[in-house]
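Throughout, read-outs are computed from the coordinates displayed, never taken from laboratory work. This one's a predicted model, so the numbers in the text were calculated from it and none came from an experiment. Cβ coordinates were reconstructed from backbone atoms using ideal geometry, including for glycine residues, and neighbour counts include every protein chain displayed.
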Amino acid sequence: MEKDEMLISDNFGKMLKSLRKKKGLSLEQVASRANLSASYLHRLEKGTRKSPGFTKIIKLAEALKVEPSVLVGVELNSSKSALSISELFFNHTVEHNEEVLDGSTKALLVELIETVLLLKFERDSLDSDLQQLFEIVIDLKKEEQK
């Protein structure tokens, strides 16, 4: 297996889950739209089932209303100028301190960035906002220690 094939396989489930949540869809909704089982999608997202075949990728892309290349991390259109945070992390090799980040670490970093961008940090919500960030950072540090 070549390096690029491994990255697609390892990150496919993380990208699928990220896109599904971003669209506000449940596993059951995506499964129904793609004519697949929710348990199959759950296994894909958890990484216990590796990347599906081309036909299923097309079905999932249609269900999520994205290009198939977004799910598999292959840039087919070189004129595309903007990437989502998920695409940036999951479709590329990311290094920190000369170590390649795994899918779980990438997922936590995406969650952290998206949370920071969404939180309002106003007086009445500051405690809960900081608590939410703190919990993600703790999970990230635990993942780093594995």
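Counting alpha carbon pairs within less than 8 Å and at least 6 residues apart, what relative contact order, in whole percent, applies to the chain? All intermediate terms of the calculation are to be shown ahead of the outcome.
On the way: 125 pairs, mean separation 32.6, N = 146.
Relative contact order comes out at 22 percent.
Under the 0.36 nm per residue contour assumption, what length would be gained going from the current alpha-carbon distance of S69 and E95 to full extension?
Taking 0.36 nm per residue and subtracting the Cα distance, the gain is 7.1 nm.
Per-residue ellipticity at 222 nm for the chain, helices alone: DSSP H runs ≥ 4 residues times -39500 (n - 2.57), over residue total, nearest 500 deg cm²/dmol?
Numbers: 8 runs with 95 residues, N = 146.
Calculated from helices alone, the mean residue ellipticity at 222 nm is -20000 deg cm²/dmol.
Can you bin region 83-146 into rounded, prolate or oblate? Criterion: square roots of the alpha carbon gyration tensor eigenvalues sorted a ≥ b ≥ c, rounded for a/c under 1.5, prolate for a/b above b/c, oblate for the rest. Please list the in-between numbers first.
On the way: a/c = 3.39, a/b = 1.64, b/c = 2.06.
Oblate shape, in that a/c is at least 1.5 and b/c is the bigger or equal ratio.
With the dipole of the chain worked out from charges on the C-beta (+1 for Lys and Arg, -1 for Asp and Glu) around the Cα centre, which of L83, G13, T93 lies farthest toward the positive end?
G13
Calculated from the structure, Cα Rg over 2.2 N^0.38 Å equals which of (i) 1.03; (ii) 1.11; (iii) 1.22?
Derived directly from the coordinates: (ii).
Label points 7 Å out from Cα along the Cβ direction at L88 and K22: separation in nm?
Going from the L88 label point to the K22 one covers 1.1 nm.
Order of H96, H42 from fewest to most other C-beta atoms within 10 Å?
Values: H96 10, H42 15.
Ordered from fewest to most neighbouring Cβ atoms within 10 Å, H96, H42 come out as H96, H42.
With Cβ to Cβ distances under 11 Å as the rule, what net charge do the other residues near E144 carry (K, R +1; D, E -1)? Could the numbers behind the result be given before it?
Working: positive: K141, K142, K146; negative: E99, D102, D139, E143.
Summing Lys/Arg as +1 and Asp/Glu as -1 gives -1.
Scan the chain and report its longest stretch carrying no GluC sites (Glu not before Pro) that are both in a DSSP loop and have at most 16 other Cβ atoms within 10 Å. Display every interim value, and only then the final one.
Working: sites that count: E2, E75, E98, E122.
With a cap of 16 other Cβ atoms within 10 Å, the longest stretch comes to 3-74.
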